[in-house]
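Inspection log for the structure reproduced underneath, given as structure tokens.
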Amino acid sequence: MKILVVGGGGREHAICWKLNNEKNVEKIYCAPGNPGIAKVAECV
């Protein structure tokens, strides 16, 4: 499953971090994201 998270704050970082630990998630995108989120998701 591919997921897009919209936002760039602390809540979005926590969501991306949690989703990164799920086995059925193949790719996480975040728009706009931030440097912290870029460690666990692709910022677009």
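Readers should treat all values here as calculations from the given coordinates under stated rules, not as data from a laboratory. Predicted, not measured: the structure shown is a model, and the values here were computed from it. Neighbour counts are summed over all protein chains in view; Cβ atoms, including those assigned to glycine, are modelled from backbone coordinates with ideal geometry.
Given the criterion assigned to a strand (DSSP E or B) and without any contact (Cβ under 8 Å) to a residue 40 or more places away in the chain, identify the matching residue among A31, A14, A38. Testing whether each residue is assigned to a strand (DSSP E or B) and without any contact (Cβ under 8 Å) to a residue 40 or more places away in the chain leaves just A31. Checked against the criteria, N24 counts as touching a residue at least 12 places away in the same chain (Cβ under 8 Å) and out of contact with any strand residue (DSSP E or B) (no Cβ under 8 Å at 6 or more places or on another chain).
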